[in-house]
1. Could you order peptides 132-140, 94-102 by the average number of other Cβ atoms within 10 Å of their residues, highest first?
2. Please give the contour-minus-distance gain from Thr43 to Glu178: 0.36 nm per residue of separation, less the Cα-Cα distance, rounded to one decimal in nm.
3. Could you pull out the pairs from Lys46/Lys179; Lys91/Lys144; Lys76/Lys144 whose alpha carbons sit more than 24 Å apart here?
4. Roughly what % antiparallel, to the nearest 5, for the DSSP beta bridges in the stretch 14-180?
5. Can you run the Rg to Rh ratio on the stretch 14-180? Use alpha carbon positions and the Kirkwood inverse-distance Rh.
6. Where the centre of each part is set by its Cα atoms, how far does the stretch 127-181 sit from the stretch 1-80, in angstrom?
Amino acid sequence: MVSQFISSHKVGLLGDLDFDFPEGIHAIGRLDNNSEGLLILTTNKKVTRLLFSGDKPHKRVYLVQVNNVLSDDSLKKLQTGVSIPIKNGSKYITPACDVSIIDEPEKLYAAAVTKKEYGEHTWLLITLTEGKFHQVRKMMAAVKHRCKRLIRVSIEQIELGDLEPGHVKEMAERDFFEKLNIEYKK
């Protein structure tokens, strides 16, 4: 499914979920078609700006499965910054970020291991405070690994937890703002 309510393409949409969404709802920090995990929806149009364009950086955490075994050298490169392509063929050096190898991904998100896994792979936990277009996938490519699964497990203190794919969890607006570490204003 794609993280939109309407599309000119024949794809699964958020509106196909068994949930009565309120008028004016939209996704914050979309997921691409090959990604999965936490997607925040809100009717408050200020949240996207406050979360992604404000002065304070906000953490996004991803559980990532890559092909083959990731070397210590590649792990260090990911942690200290790699060169990735961005708009107009320009290069961008990613800032230092938290990257660690995870031995038991099911402890972070049970659905991560429900699909059959093929071949050697490594699970990583990556925390970013920015989001360039397809940044995680480009970071993996920079160290010669293909991203097999990309699961957003949290944005600030809103966590995917045991929420199953295609399910929706509502929360009070004040809690929503508090967990996102943005100032609550009615």
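Each reported figure results from applying straightforward, stated rules to the coordinates on display, with no laboratory input. Just so you know, these numbers come straight off a predicted model, no measurement behind them. Because the Cβ atoms are built from the backbone with ideal geometry, glycine has one as well, and the counts that use them run over all protein chains shown.
1. Going by the mean number of other Cβ atoms within 10 Å, highest first, we get 132-140, 94-102.
2. Between Thr43 and Glu178, full extension yields an extra 47.0 nm.
3. Result: no pair exceeds 24 Å.
4. On the way: 27 of 29 bridges.
Expressed as a percentage, antiparallel bridges in the stretch 14-180 total about 95.
5. Values: Rg = 16.5 Å, Rh = 17.1 Å.
Looking at the stretch 14-180, the ratio lands at 0.97.
6. Computed from Cα coordinates, the inter-centre distance equals 6 Å.
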